[in-house]
Every structure is written in C-alpha cells, then in structure tokens.
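Participant: My questions will all concern the structure given below.
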Amino acid sequence: MALLAPPKDWYHPAAGAERLWIGIALVWCFVMSLMMPYWHFRGKQNANGTTYTVTPKDYLERTEKFVAANKVGDLNGIPIVQPAPGTDIYLLGRMWNWYPVLKLQKGETYRLHISSMDLQHGFSLQPVNMNFQVVPGYDHVLTLTPTSSGEFTIVCNEFCGIGHSTMIGKMLVE
Amino acid sequence: MTTTTLHPAALTDAGAASRSCETTGLRVCLSGQQFIKLNAVAGIVFLLLGGIAAILLALTRWQAVHLLPVDWFYRILTFHGLNMLIFWILFFEVAILYFACTIPLNCRLFSRGVAWVSFGLMLTGAIMTDVVILQGKADVLMTSYLPLLAHPLFYLGIILMAVGTLIGVFNFFGTLYIARKNRTYEGSMPLVTFGALAAAIIAVLTLLHGAIAMIPTFTFSMGWTAEPDPIWYRMIWWGLGHQSQQVNVCAMVTVWYLVGFLATGAKPVNETICRGAFVLYILFINLASAHHLLVDPGVGVTWKIWNTSYAMYLAVLASMIHAFTVPASIEIAMREKGYVRGIFGWVGALPWRNPAFSAAIISLLIFGFIGGITGVTLGTQQINIIAHNTLRITGHFHATVVGGTTLAFMGLAYYVIPLIFRKDFIARPLARIQPWLFGGGILLVSIGMSFAGSLGVARRSYDIEPAGIYGPTTHLFLGIMGVGAILAVTSLFLFVGLCVGTLLFGKSNQGRAMEDWGVAVAAPGIKQGTLDVHWAMKGTIVLTFIFLACFAVYYFANWKALADVWYVR
Ligand code: HEM
Ligand SMILES: [Cu+2]
Ligand SMILES: [Cu+2]
C-alpha cells in the first residue's frame, strides 16, 4: 500500500518469482560489467583517454611543423598531409574548421593527436561514426588504424558557437 | 516566523491546520496543500515554455522544414533544455516532496517561511535565467561547457534555482523530523514517502555538485577568479546532470507505485524488495556521471570502466527490480479481484480509461523498453564511441525523462488537481486520450532521433546539409522525429490547457469525493481462491523475460556494430 503505512511485519526476504528475477538481473548486470574489461583486452575499439596537457599555442606550433614536413597538396584551402605510417600525426579543431586534411593508409596505425585552439569540439568521423571529445588544453591521443578506404568527413558534434554546423573536415584513406 | 508552528504536528489532532480529504479520508495539511499548488503550477508553466521551444527545435531539425534561423536555434535549444530538464522537473518534484512528507505521514509542513524562501529563490532564478537566454546573452546551451561563457546572471539564475530547491528539500527533511519526533504516524513510513526520501537524498548530492560547478564559473564570468579547467567542469557538471536523472527516476517510480495503488489498489508483493531497490539508487548512483565522459581526454580508462560498470549496474539492478515489482503488484491486485484467467487475462480489466493509470503504464513501458535499454547500452564504455554526441543520445533521454518522468508526472496531475486543488477536470474525454497521444508522439521522436543518430547525425547541430553526406534515409528518420514532435507537443499543450482550464473553470468538488477516473473493480462472481503471491504474477514474469531478451539483443547488436568500426586505442 504505497500511500499508507506498510504492515508492521513488512520485512521479508525475497521469495518466489521476485527472487528469481533479482538473481537473473544480477547475473545480467555482471555480464555487462565484465564485457567492458573483456573488450578492453580483446576488443579492437577502445577509448583509453590517453592525454597530455598542452597549451593551444604549443599545439598549433607542433601541428604547423607537422604540416610543413608532410604536406602533399591542398583541399579547399586546407593543406593535405600524408604522414608516414606509425608516426605521430596532428589534427586541430578551431572555430570553425578542422586542420589539416589527413591522408592515411588503410591497415596502417597512427598516433592521432587531437586538440582544440578555442572551445570544446566534437570529433565525429563519418560515415564510420566514431566520436571523441576535443577539449582545449588537452592533447587527446587516439592510436588509430583505418580499416576502410575512401573519403571521410569529420563533423563537429560539440556545440562551438554560431558556425558549429559548418565545421566540416575531411580525412582521406587509400 | 510562521503561524503553523503554533499548530500541533499531527494533522489529526484538534487545532491542526488541516482539512479532511473527501475522497481518501486522509488529512491534508493546509500549508502543504498551498505549496504543492504553487510549485505544481510553476512547474506546468515552465513545461509550457519548454513545449513551445520543443516544437520550434523539432521543426528546425526536421531538415525539410528547417524553421528557425541559426542564432535562435541555439538560443531556443538552451532555453528548452533548462526549462524542461531543470525548471519543470524541479518545481514538480518539490511539489511531490511536499506531498510525500505531509499527507502520508499525517504531519504538517515543517515551515511555511522556508517554503516561501525556497519558492521565491527558485522562481527568481528560473525567470532570471530565461530572460538572459532570450536576450541572447547566454547562447551556451544548458551544459555551458567552458570555455564557452555566458552572462553572469545566467549562472546566478541557475545557482538561485539550485539553492532554492535545496532549501525546499531541507523543508522535506524538517517535516520528516517533526513527524518522527511527534509520532504523527506509526511504524515505518509509507513507500511513497520512502521513495521521495531516496529522491531527496540524491537531490542533495546532485545540487551540491551543481553549486560546485556553477559558483567558480560564475565568479570567473565576473572576472574575479581564473577559468576553471574544462574537464574538471565536465566531471562536476555531470555530477549534477546525471544524478539529477536519478532523482527523476526515484520520483517517477514513486509515482508509478502511487498511481498503481490509487487506480487498482496495488500493494507491493514484498516491501523489503521495493525499499531495497530505492536504497541501491542512493548507494550506487553517484559515480555514474562517468558515462558522460567515456570518450573524453584526461579521464583514465580504469576510472571509466569501474565507474560505469560497478556503480551503474547496481543502480540498473534497482531499476530492473522496480520493473518487475511495479507490474507484479498491479497484476496481483487484479488477480485478487478475480481476473485469474491465463497469463494476460487481467490486462483487459485494467482501468485504461483512467488517464493517470494509462500515463503511468505507458511511462513504465517507454522508460523500460526504450529509455533503460538504450541508456545502459550507450553508457557502456566502448560502445559510447559509436554514440557520443549523436542524436542517439537525445533519442535515449527523450524516452527516459520525457516518455518516462514527464508522462508519469502528467499522470499524477490528474489526481493532484482534483484532490489538492479540489476541482474536477473539464473535458474528461480529452484527458483520457492525452497520455496516449503524448506517449505515441514521444515514441516516434525517440525512434526518429535514435536511428538518425545511428546514421551519424550529430545532436545540437543546426544544419546537417553542410556535411553533404546524409541521404534520404536520414531525412526520413528526421521526418519521423518531426511528426512525433507535432503529436507530443499537441498533447503537451492539451495537457496544459486541461490543467489551466480546470483550475479556471472546473467544477469544485469540495464537500464530496472527486469524480472518479475509473478504478479496477472486482470481477463479477469472484471466486475467493487463494493466490500464491510468490508465483501468481505470470504476466509480469513473461513481460520481464521479453524485456530481458530485447535488452540482450540490443546490447550485443551494439557490440557487433562497434566491432565493425576502425581500430582505436
Ligand atoms: C514534448 C515534446 C518534446 C519534443 C518534441 C522535444 C524535442 C527536442 C529536440 C528536437 C531537441 C534538440 C535536439 C538536438 O538538436 O540536439 C531537444 C533537446 C532536449 N530536450 Fe526535448 N523535447 C520534448 C520534451 C522534452 C522534455 C519534457 C524534456 C525534459 C524533461 C526535454 C529535455 C531535453 C534536453 C535536456 C535536450 C538537450 C538540450 C541540449 O542538447 O542542450 N525535452 N528536445
Ligand atoms: Cu567545433
Ligand atoms: Cu562544433
């Protein structure tokens, strides 16, 4: 009786179907809890949050150096860079573009650094649909291996001011 | 400070400032009644404001319509989030708290003065925030992630709102204290009060997080202190943002039990289990803010996994327990009334025409089958990679806090207005369909958003065309969201219209029982058999196993989807 006082002897251990359900639900919760450590060791997709702190100014310098060393062309005024597999590569988000355009090789692994010059942004790689938060002052490192090729689009999916929905970048994989 | 302090604590004592309820026979505290009224009305006004914003947003995100200009889209988005998630919900919850500590405990409200201060601060804060937003000085969305910066009065408004609510919660605790000290009730407190107590305890933790996040941001916006760290801000802000959802869940589950009792006479099969589940919420929810930071930099993987799995799943367990005990209590009540045929023979005899009851059941189904399943799955550490900040997230929480909490609260209003305001509803046939319309609309909104999000559409984005990658299927799902939004908002306006219309033009029911919405009645020629209450809830058993099957399929389908994306560590 939800609205009135319970009977005096309301304490009873779980019994019957309720007890069975609690048991099953608990097992299901354990299964779900164990899936995450399992995937951490066995799965190929993990968000480990490897991070270094960095000032926007330093990050811009590093990125410019990286672009100058690996530039191979231009796409709508943004440099295309083709880094060597296995190296550290840099992407920066700012109001309202992604810089530079990365050209990667399928099946090769890169240490992708992402950071922001100004506000928070959202790195959303489409149509693969992988999403990571980009925060100024934090150098977010993703050890990334493209497993498909083509032209990919980076959509910003964290609100970053009036131009937010136009903050579109590209990534090329061959 | 107040006159009520002169009155005896127990409402049944001579000289108490109370009246008797002609419908339930309970005593009603007059101060409690007044502040239930004030807070409920304020809540419904903010629900209306949020509803106007909702339709503008939905008709903008429905790319074929694309209604608002870009600056107003983000402004209205800020406005919608705060008016709905914070103002509507918190005002209504304070009303529920005042109800739960007075009438069921036969106790007067602790203090009218405190209630006035709470209400005044909350209202000032809410209005201040809304004005600043509409002036265009706070286009930062409800989360106001640093380094985005709004006008200082935006933060101050939210702080006032939080402090006002805290003071209201204090009034709740004060009332529990005088009830116990003066022994206004016997034995243990009723389940409704217990659920409200759980909500109140979590609310204190929540609002403290809100203050910790907002105060340094406010002082920063005034130029007095340095900028708080944005990751620190996210972590503390979600201590507010996520835990407040657990307040909502507690309040919603409490309403389910209450309405189940009012409409069918349901009582828990085992009070210990129901109460134990509320305790699990209190113990294990606090770290679940982690699942908003799963793909953030600066937060370690061990912290993420530990806090999502260990802590969250024991709170999930609590919800799964209620998902069984609420329908089980109703089913047992129906079987005791003689509807014993088959597995679902009792369902047809439920009082479906009672809008409070239909609202509670639709709320339970949408919350469980959509909100709960998507929430746990999206909040899984690695799966979050394919969902973070897409419309899947918005699709999830419109099933929890809108289809779940808001609909349950709407249902409760169908009793609050007749019992507390003592007016019988006008246009009762419209009231009977309102929950169905709202539930159906929100279902479409949630499904449309979820699928668009699976196709990569971002939340909080004005325009998907610049990306140039979204095809007709995506637009179809945004259209489904748009149509659902029209239905849901129509129903929301209908609800507000019915409430306001009833307050203005409804027939007073003073001196007699409220006009009945319809309750479950005993089957004719009922045979007084003995029911084995431990196993008789066959329909509930089947329902919960279907639920578990859906859960498992959705959960593992998402792991499969994750396994198909690029490798990342
Ligand atoms: C009544 C029908 C409703 C409709 C049609 C609706 C529709 C929407 C839409 C279209 C968005 C924008 C999604 C985006 O672009 O990211 C949104 C955001 C949101 N809605 Fe609703 N909504 C409704 C009710 C509610 C209610 C009752 C609540 C809370 C109790 C609520 C809470 C929110 C929140 C928290 C956001 C996110 C704001 C943000 O991203 O900052 N909504 N809603
Ligand atoms: Cu951005
Ligand atoms: Cu953005």
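Participant: Take the stretch A:140-162 and flag every residue that is part of a loop (DSSP other than H, G, I, E, B) and either away from ligand 1 (no atom under 16 Å from the Cβ) or polar (S, T, N, Q) (or both). If you could, list the steps in order and put the result at the bottom.
Facilitator: So the first thing to find is which residues in the stretch A:140-162 are part of a loop (DSSP other than H, G, I, E, B), and the list is A:146-149, A:157-162.
Those that are part of a loop (DSSP other than H, G, I, E, B) and either away from ligand 1 (no atom under 16 Å from the Cβ) or polar (S, T, N, Q) (or both): A:146, A:147, A:148, A:149, A:157.
Participant: May I pose another question? Return only the number of the condition from (1) within 16 Å of ligand 3 (Cβ to nearest atom); (2) in contact (Cβ under 8 Å) with a residue 40 or more places away in the chain that residue B:402 does not satisfy.
Facilitator: So the condition that residue B:402 fails would be (1).
Participant: If I ask for residues that are within 14 Å of the chain's Cα centre (by Cα), away from ligand 2 (no atom under 14 Å from the Cβ) and outside any strand (DSSP E or B), which ones from the stretch A:128-138 would you list? Before the answer, list the steps.
Facilitator: Here is the first cut: in the stretch A:128-138, the ones within 14 Å of the chain's Cα centre (by Cα) are A:128-135, A:138.
Now restrict to residues that are away from ligand 2 (no atom under 14 Å from the Cβ): A:128-130, A:138.
Across the stretch A:128-138, the qualifying residues are A:128, A:129.
Participant: Among the listed residues B:105, B:109, B:67, identify the single one that is of a type in the set (A, V, I, L, M), touching a Ser or Thr at 6+ places or on another chain (Cβ under 9 Å), closer than 14 Å to residue B:38 by Cβ and not in a helix (DSSP H, G or I). Spell out the reasoning first.
Facilitator: On the way: B:105 fails: closer than 14 Å to residue B:38 by Cβ; B:67 fails: closer than 14 Å to residue B:38 by Cβ.
None of the other options fit; the residue is B:109.
Participant: Which pairs have Cβ atoms under 7 Å, sit 6 or more apart or on different chains, and link a residue in the stretch B:469-484 that is closer than 20 Å to residue A:154 by Cα to one that is at pLDDT 95 or above and within 16 Å of ligand 3 (Cβ to nearest atom)?
Facilitator: B:469/A:153; B:470/B:457; B:474/B:457
Participant: OK, next. Checking the structure you have, find out if any residue of the stretch B:455-474 is in contact with a Gly (Cβ under 6 Å, 6 or more places away or on another chain) and more than 9 Å from ligand 1 (Cβ to nearest atom). Reasoning before the result, please.
Facilitator: First, pick out the residues of the stretch B:455-474 that are in contact with a Gly (Cβ under 6 Å, 6 or more places away or on another chain): none.
Within the stretch B:455-474, not a single residue is in contact with a Gly (Cβ under 6 Å, 6 or more places away or on another chain) and more than 9 Å from ligand 1 (Cβ to nearest atom).
Participant: Only one of these is at pLDDT 95 or above, of a type in the set (Phe, Trp, Tyr), touching a Phe, Trp or Tyr at 6+ places or on another chain (Cβ under 9 Å) and farther than 18 Å from residue B:386 by Cβ: A:110, A:90. Name it. Break it down into steps so the answer makes sense when it comes.
Facilitator: On the way: A:110 fails: touching a Phe, Trp or Tyr at 6+ places or on another chain (Cβ under 9 Å).
From the options A:110, A:90, the qualifying one is A:90.
Participant: Would you tally the residues in the stretch A:40-89 being touching a Leu at 6+ places or on another chain (Cβ under 9 Å) and assigned to a strand (DSSP E or B)?
Facilitator: 6
Participant: When you scan the stretch B:347-434 for helices (runs of 4 or more DSSP H) that lie fully inside it, which ones turn up with 3 or more residues that are at pLDDT 95 or above and of a type outside the set (Lys, Arg)? So that I can check it myself, show each step before the final result.
Facilitator: On the way: elements: B:355-365, B:373-378, B:391-397, B:407-416.
Where helices (runs of 4 or more DSSP H) fall fully within the stretch B:347-434 and carry at least 3 residues being at pLDDT 95 or above and of a type outside the set (Lys, Arg), they are B:355-365, B:391-397, B:407-416.
Participant: Just to be sure I understand the filter: pairs with C-beta atoms under 8 Å, separated by 6 or more residues or on different chains, first member in the stretch B:190-218 and closer than 19 Å to residue B:405 by Cα, second member among the charged types (D, E, K, R). Which pairs pass?
Facilitator: B:191/B:271; B:191/B:275; B:194/B:275; B:199/B:93; B:203/B:93
Participant: Just wondering, is there one or more residues in the stretch A:94-103 that are more than 9 Å from every other protein chain (Cβ to nearest Cβ), buried (at least 24 other Cβ atoms within 10 Å of the Cβ) and either within 16 Å of ligand 3 (Cβ to nearest atom) or under 13 Å from the mean Cα position of the chain (by Cα) (or both)?
Facilitator: yes
Participant: Moving on. Return the residues of the stretch B:145-164 that are among the aliphatic types (A, V, I, L, M) and not in a helix (DSSP H, G or I); say none if nothing qualifies.
Facilitator: Of the residues in the stretch B:145-164, the ones among the aliphatic types (A, V, I, L, M) are B:146, B:148-150, B:153, B:156, B:158-163.
B:146, B:148, B:149, B:150 - these are the residues of the stretch B:145-164 that are among the aliphatic types (A, V, I, L, M) and not in a helix (DSSP H, G or I).
Participant: Which is hydroxyl-bearing (Ser, Thr, Tyr), touching a Leu at 6+ places or on another chain (Cβ under 9 Å) and outside the structural domain of residue B:57 (by TED's automatic domain parsing), of B:394, B:390, B:374?
Facilitator: Values: B:394 fails: touching a Leu at 6+ places or on another chain (Cβ under 9 Å); B:374 fails: touching a Leu at 6+ places or on another chain (Cβ under 9 Å).
None of the others qualify; the one that does is B:390.
Participant: State which residue is nearest to residue B:433 (Cα to Cα) when the search covers only the stretch B:509-548 and only residues that are among the aromatic types (Phe, Trp, Tyr) and surrounded by fewer than 17 Cβ atoms within 10 Å (Cβ to Cβ). Walk me through how you get there before you give the answer.
Facilitator: Let us first name the residues in the stretch B:509-548 that are among the aromatic types (Phe, Trp, Tyr), namely B:517, B:535, B:545, B:547.
Checking the rest, the ones that are also surrounded by fewer than 17 Cβ atoms within 10 Å (Cβ to Cβ) come to B:535, B:545.
Numbers: B:535: 34, B:545: 29 Å.
This residue is B:545.
Participant: Also, I was wondering about something else. Being within 16 Å of ligand 2 (Cβ to nearest atom), part of a strand (DSSP E or B) and out of contact with any Pro (no Cβ under 8 Å at 6 or more places or on another chain): is that true of residue A:92 here?
Facilitator: Values: within 16 Å of ligand 2 (Cβ to nearest atom): yes; part of a strand (DSSP E or B): yes; out of contact with any Pro (no Cβ under 8 Å at 6 or more places or on another chain): yes.
Answer is yes for this residue.
Participant: Only one of A:108, A:64 is away from chain B (no Cβ under 12 Å), among the acidic types (Asp, Glu) and away from ligand 2 (no atom under 16 Å from the Cβ); which? Break it down into steps so the answer makes sense when it comes.
Facilitator: On the way: A:108 fails: away from chain B (no Cβ under 12 Å).
Sole residue among the options that is away from chain B (no Cβ under 12 Å), among the acidic types (Asp, Glu) and away from ligand 2 (no atom under 16 Å from the Cβ): A:64.
Participant: Tell me which residues, restricted to the stretch B:448-477, are among the aliphatic types (A, V, I, L, M) and not in a loop (DSSP other than H, G, I, E, B). Quick ask: steps written out before the conclusion?
Facilitator: Step one: filter the stretch B:448-477 for residues among the aliphatic types (A, V, I, L, M), giving B:449, B:452, B:455, B:457-458, B:464, B:467, B:469, B:476.
Residues satisfying the conditions are B:449, B:452, B:458, B:467, B:476.
Participant: So is residue B:375 at positive phi, touching a residue at least 24 places away in the same chain (Cβ under 8 Å) and surrounded by fewer than 24 Cβ atoms within 10 Å (Cβ to Cβ) or not?
Facilitator: On the way: at positive phi: no; touching a residue at least 24 places away in the same chain (Cβ under 8 Å): yes; surrounded by fewer than 24 Cβ atoms within 10 Å (Cβ to Cβ): yes.
For residue B:375, the condition - at positive phi, touching a residue at least 24 places away in the same chain (Cβ under 8 Å) and surrounded by fewer than 24 Cβ atoms within 10 Å (Cβ to Cβ) - is not met.
Participant: Next up: Please find, among B:328, B:349, B:315, the residue that is of a type outside the set (Val, Ile, Thr) and surrounded by 24 or more Cβ atoms within 10 Å (Cβ to Cβ). Even if it seems obvious, please write down each step before you answer.
Facilitator: On the way: B:349 fails: surrounded by 24 or more Cβ atoms within 10 Å (Cβ to Cβ); B:315 fails: surrounded by 24 or more Cβ atoms within 10 Å (Cβ to Cβ).
Exactly one residue qualifies, and that residue is B:328.
Participant: Please work out which one of (1) over 20 Å from residue B:459 (Cα atoms); (2) under 17 Å from the mean Cα position of the chain (by Cα); (3) within 16 Å of ligand 3 (Cβ to nearest atom); (4) outside any strand (DSSP E or B) is the condition residue A:118 fails and give its number.
Facilitator: Failed condition: (2).
Participant: Let me ask something else about it. Hey, could you check the stretch A:112-138 for residues that are closer than 21 Å to residue A:80 by Cα and touching a residue at least 60 places away in the same chain (Cβ under 8 Å) and say which is farthest from the other protein chains (Cβ to nearest Cβ)?
Facilitator: A:117
Participant: Looking for whichever is surrounded by fewer than 24 Cβ atoms within 10 Å (Cβ to Cβ) and either within 12 Å of ligand 2 (Cβ to nearest atom) or not assigned by TED's automatic domain parsing to the domain that holds residue A:78 (or both) here; the options are A:154, A:168. Which one fits? Reasoning before the result, please.
Facilitator: Details: A:154 fails: surrounded by fewer than 24 Cβ atoms within 10 Å (Cβ to Cβ).
It is A:168.
Participant: Considering only the stretch A:66-93, how many residues are charged (D, E, K, R) and without any contact (Cβ under 8 Å) to a residue 24 or more places away in the chain?
Facilitator: Residues in the stretch A:66-93 being charged (D, E, K, R) and without any contact (Cβ under 8 Å) to a residue 24 or more places away in the chain: 1 in total.
Participant: Take the conditions within 16 Å of ligand 1 (Cβ to nearest atom), over 22 Å from residue B:177 (Cα atoms), more than 14 Å from chain A (Cβ to nearest Cβ) and at pLDDT below 95 and apply them to residue B:89. Does it pass? If you could, list the steps in order and put the result at the bottom.
Facilitator: Details: within 16 Å of ligand 1 (Cβ to nearest atom): yes; over 22 Å from residue B:177 (Cα atoms): yes; more than 14 Å from chain A (Cβ to nearest Cβ): yes; at pLDDT below 95: yes.
Spelling it out, residue B:89 is indeed within 16 Å of ligand 1 (Cβ to nearest atom), over 22 Å from residue B:177 (Cα atoms), more than 14 Å from chain A (Cβ to nearest Cβ) and at pLDDT below 95.
Participant: Out of the residues in the stretch A:139-168 that are aliphatic (A, V, I, L, M), within 13 Å of ligand 3 (Cβ to nearest atom) and more than 7 Å from every other protein chain (Cβ to nearest Cβ), state the one that is farthest from the chain's Cα centre (by Cα).
Facilitator: Narrowing the stretch A:139-168 to residues aliphatic (A, V, I, L, M): A:141-142, A:144, A:154-155, A:162, A:167-168.
If we keep only those that are within 13 Å of ligand 3 (Cβ to nearest atom) too, we end up with A:154-155, A:162, A:167-168.
Then drop every residue that is not more than 7 Å from every other protein chain (Cβ to nearest Cβ), which leaves A:154, A:167.
On the way: A:154: 12, A:167: 17 Å.
For the stretch A:139-168, the residue satisfying everything is A:167.
Participant: While we're looking at this one, here's another question. Please note which helices (runs of 4 or more DSSP H) are completely contained in the stretch B:168-268 and include at least 3 residues that are touching a Ser or Thr at 6+ places or on another chain (Cβ under 9 Å) and at pLDDT 90 or above. First the steps, then the outcome.
Facilitator: On the way: elements: B:191-221, B:230-241, B:243-264.
Hits in the stretch B:168-268: B:191-221, B:243-264.
Participant: While we're looking at this one, here's another question. For the stretch A:1-36, name all the residues that are basic (Lys, Arg) and part of a loop (DSSP other than H, G, I, E, B).
Facilitator: Looking only at the stretch A:1-36, we keep the residues that are basic (Lys, Arg), and these are A:8, A:19.
Scanning the stretch A:1-36 gives a single hit, A:8.
Participant: Given A:165, A:115, which one is in contact with an Asp or Glu (Cβ under 6 Å, 6 or more places away or on another chain), hydroxyl-bearing (Ser, Thr, Tyr) and within 16 Å of ligand 1 (Cβ to nearest atom)? First the steps, then the outcome.
Facilitator: Details: A:115 fails: within 16 Å of ligand 1 (Cβ to nearest atom).
When all the criteria are applied, what remains is A:165.
The values are calculated or read from the model by the stated rules, or taken from the named source; none is laboratory data. None of these values were measured; they are calculated from a predicted model. Positions of Cβ are backbone-derived with ideal geometry, glycine not excepted, and every protein chain shown enters the neighbour counts.
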